[in-house]
Amino acid sequence: MAATSKSSTPDETRLDEHLDKPSITAPGDGPADTTDPEERASSATPDKGTAARAGHGTVNAVVPLPKRQKPAARQGKDRTETYAATRPDGTEVTVERNIETGESSVKEG
């Protein structure tokens, strides 16, 4: 459901559950936009007839999916890779990249 301010224009955009009228969005957001990074959308079959009878020229055609479950904490030692690289100035460095997290570090020499 969209959070609304006193002027009925929403401050942020959330996916709507209804399929018989246009989605309610904040200015500049599109019909399937959401400001919630955890919210996921799925297409749905809209009720175009009800929307048309109500005078709406468009209709919402996406609904929110259930929230994703948080994955269990990974156990075990992180896998890493280490390799030599050359900086643009010609200095030799060692790069270590954590394969699990994507984090990289650079060590001189």
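The values are calculated or read from the model by the stated rules, or taken from the named source; none is laboratory data. The structure displayed is predicted, hence computed values, not measured ones. Here the Cβ is made from the backbone with ideal geometry for all residues, glycine too, and neighbour counts use every protein chain on show. The area values use the complete protein model at the heavy-atom level, side chains included, leaving out ligands, DNA and RNA. Shrake-Rupley method; radii C 1.70, N 1.55, O 1.52, S 1.80 Å.
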Under a 1.4 Å probe, what is the accessible area of region 15-67 per residue, stated in Å²?
61
Label assignment, Kirkwood radius over Cα pairs in Å derived from the structure, set [x] 16.2; [y] 18.2; [z] 19.3
[y]
Label region 50-97 by shape, choosing from rounded, prolate and oblate, from the square roots a ≥ b ≥ c of the eigenvalues of the Cα gyration tensor; if a/c is under 1.5 it is rounded, and otherwise prolate applies when a/b is larger than b/c, oblate when it is not.
oblate
For region 1-80 and region 93-108, write down the distance between their C-alpha centroids in whole Å.
38
Can you give the accessible area of Thr45, probe radius 1.4 Å, in Å² rounded to 10?
120
Contact order normalised by length for the chain, with contacts defined as Cα pairs under 8 Å and 6 or more residues apart; what percent is it?
18
Taking K and R as +1 and D and E as -1, what net charge do the other residues with C-beta under 15 Å from the C-beta of Val106 add up to?
-3
Rounded, prolate or oblate for region 15-67? Axes are the square roots of the Cα gyration tensor eigenvalues, ordered a ≥ b ≥ c, and the cut-off for rounded is a/c under 1.5.
oblate
Under the Karplus relation with 6.51, -1.76 and 1.60 and θ = phi - 60°, whole-Hz ³J(HN,Hα) for region 44-61, x at Gly and Pro, equal 9, 7, x, 9, 5, x, 4, 4, 5, 4, 7, x, 8, x, 10, 8, 5, 10
Mind checking which aspartates and glutamates have their C-alpha under 18 Å from Lys67, skipping anything on the same chain fewer than 8 residues away?
Asp16, Glu17, Asp33, Asp36, Glu38, Glu39
Per-residue accessible area for Glu108 at 1.4 Å probe radius, Å² rounded to 10?
120
Extending each Cα 7 Å along its Cβ direction at Thr35 and Lys48, get the distance between those two points in nm, one decimal.
3.2
Percent of accessible area on the chain owned by carbon and sulfur, 1.4 Å probe?
50
Tell me the net charge near Glu39. Cut-off is 13 Å between Cβ atoms, Glu39 excluded, with +1 for each Lys or Arg and -1 for each Asp or Glu.
-3
Helix-derived [θ] at 222 nm for the chain: sum -39500 (n - 2.57) over DSSP H runs of at least 4, divide by residue count, nearest 500?
-1000 deg cm²/dmol
